[in-house]
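Below is one structure, written out as structure tokens; comments come after it.
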Amino acid sequence: MTEQAKRTDLFIPALGGVYDALTPFSWPLLRIVAGLFLMPHGYGKLFGGQLEGIAGFFAKTGLEPALPLVVLVGVVEFFGGLMIALGLFTRPIAAAATVVLAVAAFHVHWSAGFFAQQGGFEFALLWAVVTLVIAIRGGGDYSIDARIGKEF
């Protein structure tokens, strides 16, 4: 279906111009928010004094070697989140974040059921899907990847 056909199918056709004007900014908004929301999780692991405690939790859940894995996860969340927000090496970094979040969803939260407020996998899986879509889609027009003219 063409863009013109989509516009004529709107319930309120006058909104077509608003959608057209805002659409170019919707992808960077999602990418930036996803990246920025990852960063505090990594910050706590790397710089917030949580390293040893989280390593103990990782070991308890069978994620070994725990300490190097916590550092790796912290790097992916903090520095990777920043890179996703900036749109730098977006695809491989988002793929790494997808792996981290999928492990969180299926290895850590799965046994608690669906609902995040009960410790379930809902939130982690949602973010795994968001980062997977970012890995597939890439940085987009408003990214450092676009500025340098190279993407993975």
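Restricting region 123-152 to residues that are touching a Gly at 6+ places or on another chain (Cβ under 9 Å) and modelled with pLDDT under 95, the residue that is surrounded by the most Cβ atoms within 10 Å (Cβ to Cβ) is Glu151. Only residues that are under 16 Å from the mean Cα position of the chain (by Cα) and not aromatic (Phe, Trp, Tyr) were counted across region 41-71, and they come to 2.
Number of residues in region 106-143 that are part of a helix (DSSP H, G or I), under 24 Å from Pro28 (Cβ atoms) and among the polar types (S, T, N, Q): the value is 1.
Among the residues of region 29-43, not a single one is surrounded by 15 or more Cβ atoms within 10 Å (Cβ to Cβ) and without any contact (Cβ under 8 Å) to a residue 12 or more places away in the chain.
So is Phe79 within 19 Å of Ala124 (Cα to Cα), without any contact (Cβ under 8 Å) to a residue 12 or more places away in the chain and assigned to a helix (DSSP H, G or I) or not? Taking the combined requirement at face value, the residue does not satisfy it.
Table: residues versus (1) surrounded by fewer than 21 Cβ atoms within 10 Å (Cβ to Cβ); (2) in contact (Cβ under 8 Å) with a residue 12 or more places away in the chain.
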residue: Pro68; (1), (2): yes, no
residue: Gly74; (1), (2): no, yes
residue: Ala94; (1), (2): no, yes
residue: Thr98; (1), (2): no, yes
residue: Val103; (1), (2): yes, yes
residue: Phe106; (1), (2): yes, yes
residue: Ser111; (1), (2): yes, no
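The values are calculated or read from the model by the stated rules, or taken from the named source; none is laboratory data. Not measured: the values here are computed from a predicted model. Counting neighbours? That spans all protein chains shown, and the Cβs are built from the backbone with ideal geometry, glycine included.
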